[in-house]
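What follows draws every value from the coordinates through simple rules; no lab data is involved. Treat the numbers as computed from the prediction; the structure is a model and nothing was measured. Note that each Cβ is placed from the backbone with ideal geometry, even for glycine, and that neighbours are counted across all protein chains shown.
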Amino acid sequence: MLTAEQRAAYDRDGFLLIERLVPADACAALTARAGELVDAFDPETVSVFSTTDQTRTTDEYFLSSGGAVRFFFEEEAFAPDGSLRQPKHLSINKIGHAQHDLDPVFDAFSRRPEFAELAADAGLADPLLLQSMYIFKQPRIGGEVVNHQDATFLYTEPVTVTGLWVALQDATVQNGCLWALPGGHRTGLRRRFVVEPDRTTRFEALDDAPLPAADDPRLVPLEAPAGSVVLLHGLLPHRSGANRSDRSRHAYSVHLVEAGAAYPPDNWLQRPPELPLRGF
């Protein structure tokens, strides 16, 4: 899948943008399916996904989503009285985290042959699809995602998590594209997000070195035309800005881990025994 130059760039930077890898009709089909799922969603449980304070808004609905298809609202979706400011389909932050195994359309998209080749080129010998997220980045209220390392939330020993981030719509600086720190994956993991026996969550500090601030001049924008894929190393610091534009920025992300790596029981995301992880 990747040329020698692309492999060298990924090793150097910790990310790689491959433009227009996924056909437009496949992106449109996934977007349509996400719309169907949202239309059918009856929000008996309202769970907000905070992009800036994960421990504050984490609830059991979120913690038990590793083997389910769940819907999480934008922080700014609600009026002071608790009602939605706009229609439901313009209020959802993301769908997660097991639709790649539970929905046929998401299953087929997540296991595209080119994704398997990318995983191999990234050094995964036996990759398993751990979690998936359909991210809406809604117009005007799409929340900022602060700088983080994916291994903070999807930790293995050794660190193996690798992200495949697909732009389903054009991702620009204006509507909240990714930003990344070139070479930042060569630094250590700063912290882990862990679940205590009482189901509360906390961040466990591993390295006192701070992650880059949002305005760090070393960060580079990864503007991506629809159909493009960004390969992300699990230790790479990256973020995305808030979307204050009138255009959404739909994206789909799948995170992979090596089958032979240890997956701690205090990781927040756990799969039920009846839904074991699968590869490509």
Protection-proxy order for peptides 200-210, 84-94, each taking the mean of Cβ atoms within 10 Å per residue, highest first = 84-94, 200-210
GNM of the chain, Cα pairs under 10 angstrom: of ALA214, ALA40, ALA224, the biggest fluctuation goes to ALA40
Most mobile listed residue (ALA167, ALA32, ALA116) in the chain, GNM with C-alpha springs under 10 Å = ALA32
Most mobile of LEU17, LEU168, LEU130 per a Gaussian network model of the chain (Cα springs, under 10 Å)?
-> LEU17
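Between ALA108 and LEU63, what is the FRET efficiency for a Förster distance of 30 Å, r being their Cβ-Cβ separation, to the nearest 0.05?
Rounded to the nearest 0.05, the efficiency is 0.60.
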Separation between Cα centres of the stretch 106-156 and the stretch 164-201, rounded to whole Å | 10
